[in-house]
Amino acid sequence: MLFRSHVTVGFCGAALVARFQPAWLTPSWPVEAGWAQLRPLIESGAPGLAGLVDGAVRLWSASGLAPLVETPIAYLLLVVVVGFGSLLPDIDHQSSRINRLFGTSRGLFGWLVHRFFRIFVGSHRTLTHYGATWLGLSLAVGYFLPLFWSPGAPYAVAFSIGYGLHIAADMLTERGVPVFGPFIKRRYTLVPDLLTFPTGSWREYATVLALVLFTLWAWGVWGWIAGWLP
Ligand SMILES: [Zn+2]
């Protein structure tokens, strides 16, 4: 998908999570308390696993995006983080927007980055588009960000939403994504092949537009507009 589609999908996803935050995504759900009881048992057997679940629980219980958006600066930062997360997977593509944004596509540095990916990562849509990479990065960011910066947890969630939806959106395109890599090399799509589309096609735009309209509907924007009409 094109970078603007990815950013739009990321924003819509974050807006929908903030709007419909299900009960199991809020701290009031007893995930934290349940884990606190279970933790000593796991820690005695597998301390590494306990640390990993710590990260998962932190991410889970901090996913309240809604209270964050009360302050304008948090809003702005949230938008930046979602945008960054939704562009990051394409860092493996030399001419992608994120590489041009960071200047990692030009000059000696750009050449080095490109060589690095060619040698250690492989072609476009491999390592950075694996479901396991998304999970690992989400847990790492969810665990470490709040350690260094206490209000960081919801931003970790925003990053995870952006990154995860990038992979999901790429799975709507004809090329598919090896989402179970490196274990399974096959490229998967989210919908039957008949419904997939080439990157940059009018059907990509139509799909993103439908998502935008749905998000606006979910936030009741059509209702406001109807209210203004005479
Ligand atoms: Zn991609």
- Note on the structure: Debye calc, one equal point scatterer per Cα of the stretch 122-230, no solvent, log10 I(q)/I(0) at q = 0.12, 0.14, 0.16 1/Å comes to -0.59, -0.74, -0.87
- Message: Check which residues have an amide H placed less than 5 Å from Tyr188's amide H, if you skip close sequence neighbours.
- Response: Val177, Val179
- With a Förster radius of 22 Å, plug the Cβ-Cβ distance of Trp224 and Val80 into 1/(1 + (r/R0)^6) and report the FRET value to the nearest 0.05. 0.25
- Item | Potential extension, Ala46-Leu101 segment - 0.36 nm per residue separation minus Cα distance | 15.6 nm
- Message: For a quick check: sort Met1, Met171 by the number of other beta carbons within 10 angstrom, fewest at the front.
- Response: Met171, Met1
- Task: May I ask you to sort Ile73, Ile167, Ile42, Ile225 by Cβ crowding, counting other Cβ atoms within 10 Å and putting the fewest first?
- Result: Ile73, Ile225, Ile42, Ile167
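Give me the extension gain from Phe109 to Leu213: residue separation times 0.36 nm, minus the current Cα-Cα distance, reported in nm with one decimal.
33.4 nm
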- Message: Using a 10 Å cut-off around each Cβ, can you sort Asp193, Asp54 from fewest to most neighbouring Cβ atoms?
- Response: Asp193, Asp54
- Check Thr173: other-chain or 5+ apart residues with amide H under 5 Å from its amide H, H built from backbone geometry? Phe197
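None of the figures in this text is laboratory data; all of them are computed from the coordinates on show. This is a predicted model, so every value here is computed, not measured. Because the Cβ atoms are built from the backbone with ideal geometry, glycine has one as well, and the counts that use them run over all protein chains shown.
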